[in-house]
Amino acid sequence: MTTPAIGTRNRRQESRIITACNSLGTSIRNVSASHTLAAIQPLLGRYDISGFADHSPKGAETLKFIEVVRGNPRSGHLNLGKGFSFETALASGYMEAIEMSTVEGPPEIALHALPRSALLYTGGGKPPEPDAAPMIRGVDLLSAEPVYSPVYEHFLSPAPSARSVSVNGLASGNTVEEASLHCLYELIERDLTAQSLRDPVLVQQLLLSDIPAPISNALTELEAFGLHAEFYLLGQFLGVTVLQCALVKTGSGGEVYYGWGAHHFRTIAISRAMTEAVQAWCTREACRAQTLPLSRMPGGVMVSAEVLKLLREPVTRGERQLRRRFIACPSVAYSLTDQDEQAPASPTAALNHLLSSARDAGIRHVFAWTLSPPDRPFAVVKCAVPGFETPFEEDA
């Protein structure tokens, strides 16, 4: 159940929330989407970006979804962007493509031998001997100590039969701090999602109120397309709210599409979950209509062609069962403006708040590796937190 507009409240707070929602649509950023696009444009060829396709719902003014096309992708991942405007969706898609192009290509950053004095090593089993394998030097964000891991844990090997690398905790941003924040949001989101799938007892269905304009406009558009959005609170950890959206197509025999969002701002967590669910719907519709042809879904080292072809099929019984499981959870009133006034309003402040909360929670390590060269107008970062779970199986 939703209400269509924001209630009477302090105008400064309302303006702050709407500004946050409009900043690249689904996140707080250091610079605007137009600035990001201008910075990326001269580098598109270096990242194998050859164009884009607009898969936005026809007639939608708020919801925009872009597929960025690459000439020779190796991973099989589709590079998809989303947002509340064409610019924000395109910038989001370009950043996704840059992330995948970075890990699919050879490293453009310095490689190291593992020093004998290095105490932090994130690989499994026995640490390699010094000089046994090229290493990437990162940092433990909690202690500022260096951390080393093998290059093959972050970049695909040129060998066709090489094992894949995990992209869990991989993100980009206009700065290293911004990218690191996005990485940690993803790790928290997946950790709480895994817990909710295992035991949904703490999940709550949300009855939204005080909905700012970008979100209420999007919900109105979805209703016009015969889609109903349900929102679930999966939990809050380290000051970050994690939400799930189930997008249900009315009269379709149980068609449902999912999205997840994590953020310090409730409004942005909702935006991320909703736009990700709509992205899943738009992608599936594009595959069925063959406006996203199989030639752009070849499969690869990370994702098989068989998995990608499933996007042409109806949603699975398991996806429908998940919705039935969650819809039985208790409902709770949920204002999108409560607590957001206290949320950190910049990526740097949000990252510092998150790391401080991690220390208070007794988390020992938060590892981060910058995978892009320092001369780029953006950063690609990968983070890992030992002990965090992921609900999505990946070959490693």
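What to note about this one:
- Only residues that are assigned to a loop (DSSP other than H, G, I, E, B) and open to solvent by 50 Å² or more (accessible area, probe 1.4 Å) were counted in the stretch 323-357, giving 5.
- Subset of the stretch 301-322 that is in a helix (DSSP H, G or I) and open to solvent by less than 60 Å² (accessible area, probe 1.4 Å) - its residue that is modelled with the lowest pLDDT: 318
- Count of the stretch 54-79 residues which are touching a Ser or Thr at 6+ places or on another chain (Cβ under 7 Å), over 23 Å from residue 107 (Cα atoms) and among the aliphatic types (A, V, I, L, M): 1
- Close pairs (6 angstrom Cβ cut-off, 6 or more residues apart or separate chains): over 14 Å from residue 185 (Cβ atoms) in the stretch 346-373, open to solvent by 10 Å² or more (accessible area, probe 1.4 Å) and in a helix (DSSP H, G or I) anywhere: 348/177; 370/176; 371/102; 372/102
- Subset of the stretch 143-176 [crowded, with 20+ Cβ neighbours inside 10 Å and under 30 Å from residue 266 (Cβ atoms)]: 169, 170, 171, 172, 173, 174
- Pair list, Cβ < 9 Å and 6+ apart or interchain, from the stretch 71-96 residues that are aromatic (Phe, Trp, Tyr) to residues that are open to solvent by 30 Å² or more (accessible area, probe 1.4 Å) and part of a helix (DSSP H, G or I): 84/22; 84/217; 94/41
- Where residue 385 falls short, out of the listed (1) within 28 Å of residue 207 (Cα to Cα); (2) within 17 Å of the chain's Cα centre (by Cα): (1)
- Test: residue 152 is touching a strand residue (DSSP E or B) at 6+ places or on another chain (Cβ under 7 Å) and of a type in the set (Phe, Trp, Tyr): no
- Residue within the stretch 233-245 that is under 23 Å from residue 282 (Cα atoms), more than 17 Å from the chain's Cα centre (by Cα) and not small (Gly, Ala, Ser) present: no
- Note on the stretch 193-300: enclosed strands (runs of 3 or more DSSP E) holding 3 or more residues that are small (Gly, Ala, Ser) are 256-263.
The values are calculated or read from the model by the stated rules, or taken from the named source; none is laboratory data. No experiment lies behind these values; they were computed from the predicted model shown. We place every Cβ from the backbone using ideal geometry, glycine too, and count neighbours over all the protein chains shown. What goes into the accessible areas is simple: the full protein's heavy atoms, side chains included, and nothing from ligands, DNA or RNA. Shrake-Rupley method; radii C 1.70, N 1.55, O 1.52, S 1.80 Å.
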